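The values are calculated or read from the model by the stated rules, or taken from the named source; none is laboratory data. Computed from a predicted model, the values in this text were never measured in an experiment. As a convention, Cβ positions derive from the backbone with ideal geometry for all residues, glycine included, and neighbour counts pool all protein chains shown. Calculation scope for accessible area: heavy atoms of the full protein, side chains included, ligands and nucleic acids excluded. Shrake-Rupley method; radii C 1.70, N 1.55, O 1.52, S 1.80 Å.
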Amino acid sequence: VQLQAFGGGLVHTGGSLRLACAASGNIFSRGVVGWYRQAPGKSREGVATTTSDGVTNYAGSVKGRFTISRDVDKNTMYLQMDSLKPEDTAVYYCYWRVGAQQTWGQGTLVTVSS
């Protein structure tokens, strides 16, 4: 299984972007899917996760601004990012995990200008 993330780009403060992560197979009906990000010079941090039961979790820094979702029929997951801030600038990575199996997508760069 492979994941491909896309949708990153340059946006002004207060703007919005929607990231997408497409899977090569029908996997999003099960397991945990989520997004991490890594800002320049910083460690990778968790942004949001959602389980197959619909339970979602967000980092405190993005709660209320970001929304994670998945479309099982399209084998795609999303991260809707609103009210973006310069500190949201990072490379964003999607992942999928079920049991001991974990797959990461390549990163997509989000740059928020002040």
Original post:
Roughly what would the spin-label model give for residue 80 and residue 111, points 7 Å off Cα along C-beta, in nm?
Top reply: 2.7 nm
**OP:** Order 66, 6, most accessible first, counting only protein heavy atoms with a 1.4 angstrom probe.
**Re:** 6, 66
Original post:
Short version: what are the Cα gyration tensor semi-axes of the chain, square root of 5 times each eigenvalue, largest first, in whole Å?
Top reply: 23, 14, 13
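Can you bin the range 1-63 into rounded, prolate or oblate? Criterion: square roots of the alpha carbon gyration tensor eigenvalues sorted a ≥ b ≥ c, rounded for a/c under 1.5, prolate for a/b above b/c, oblate for the rest.
Verdict is prolate for the range 1-63.
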Subject >> Carbon and sulfur %, accessible surface of the chain computed with the full protein complex present, 1.4 Å >> reply: 47 percent
Original post:
Over the chain, what relative contact order in percent results from Cα pairs under 8 Å that are six or more residues apart?
Top reply: 37 percent
Original post:
Across the range 62-72, in residue order, what do the Karplus-derived ³J(HN,Hα) couplings come to in whole Hz, using 6.51 cos²θ - 1.76 cosθ + 1.60 with θ = phi - 60° and x for Gly and Pro?
Top reply: 10, 4, x, 10, 10, 9, 9, 8, 9, 10, 4
Original post:
If r is the Cβ-Cβ distance from residue 30 to residue 2 and R0 is 25 Å, what FRET efficiency results, to the nearest 0.05?
Top reply: 0.90
**OP:** Apply the Karplus parameterisation 6.51 cos²θ - 1.76 cosθ + 1.60, with θ equal to phi minus 60°, to every residue of the range 19-25 and state each ³J(HN,Hα) to the nearest whole Hz, in sequence, with x for glycine and proline.
**Re:** 8, 10, 9, 9, 9, 7, x
Original post:
Of 89, 51, 103, which is the most mobile in a GNM of the chain whose springs link Cα atoms less than 10 angstrom apart?
Top reply: 103
**OP:** Only residues of the range 67-101 count here: report those whose backbone N is under 18 Å from the spot 7 Å along Cα→Cβ of residue 13, or say none.
**Re:** 82-90
**OP:** Mind telling me which of 13, 76, 49 comes out most flexible in a GNM of the chain, alpha-carbon contacts under 10 Å?
**Re:** 13
